[in-house]
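So the structure is just underneath, and the comments pick up after that.
The values are calculated or read from the model by the stated rules, or taken from the named source; none is laboratory data. Keep in mind that what you see is a predicted model, and the values were worked out from it rather than measured. Reconstructed Cβ throughout: ideal geometry from the backbone, glycine too, with neighbour counts over all protein chains shown.
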Amino acid sequence: MQVGATSISIPAGAISLPTLLQVTVTVPASNYMEIDVTAGALAHFTFDQPVSVTIDYSRCNRSNIDRAPLHVWYIDSDTHELLQDMGGVDDKASQSITFTTGHLSGYAVAD
């Protein structure tokens, strides 16, 4: 699944039972680079194996974005509170960061 250059890749075996899964990737207008990944009406969805998520942060215009490596944070989508550092591989050339996760939630890019 892909929205612009932001994508999620679900490998075979990530869902063990037959499941109708409607995944939505939302990139809201924000001062922060964040995405909200949901499965239908479920508040949270947990996979049997990690899925790969790539976030495009090319719309960010901070002057120091090329300095330190960026990380992805699992966030509370309503309050934007940082809950867990998910790490990630920051590709400065493509201005994207890729990480793995076992659940669909809200995520933000931060340093």
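Things worth noting here:
- Restricting attention to the stretch 6-29, the residues that are part of a loop (DSSP other than H, G, I, E, B), surrounded by 14 or more Cβ atoms within 10 Å (Cβ to Cβ) and at pLDDT 70 or above add up to 3.
- Some residue of the stretch 97-105 being closer than 14 Å to Asp36 by Cα and in contact with a Leu (Cβ under 6 Å, 6 or more places away or on another chain): no
- Residues within the stretch 46-64 that are more than 14 Å from Ile8 (Cα to Cα), of a type outside the set (S, T, N, Q) and at pLDDT 70 or above, tallied: 4
- Taking residues in the stretch 87-109 that are within 20 Å of Val3 (Cβ to Cβ) and without any contact (Cβ under 8 Å) to a residue 40 or more places away in the chain, and partners anywhere that are in a strand (DSSP E or B) and among the acidic types (Asp, Glu), the pairs with Cβ atoms closer than 9 Å and at least 6 places apart or on different chains are Gln95/Asp56.
- Residue that is nearest to Ala68 (Cα to Cα) [pool: residues in the stretch 79-93 that are in contact with a Pro (Cβ under 9 Å, 6 or more places away or on another chain) and at pLDDT 90 or above]: Asp90
- Filter pass, Thr79 being among the hydroxyl-bearing types (Ser, Thr, Tyr) and free of Cβ contacts under 8 Å to residues at least 40 places away in the same chain: yes
- Here the stretch 47-92 is the region considered, the condition is being aromatic (Phe, Trp, Tyr) and part of a strand (DSSP E or B), and the residue that is farthest from Val109 (Cα to Cα) is Phe47.
- Across the stretch 84-104, the qualifying residues are those that are of a type outside the set (Val, Ile, Thr) and crowded, with 20+ Cβ neighbours inside 10 Å, and the one among them that is nearest to Ile15 (Cα to Cα) is Leu104.
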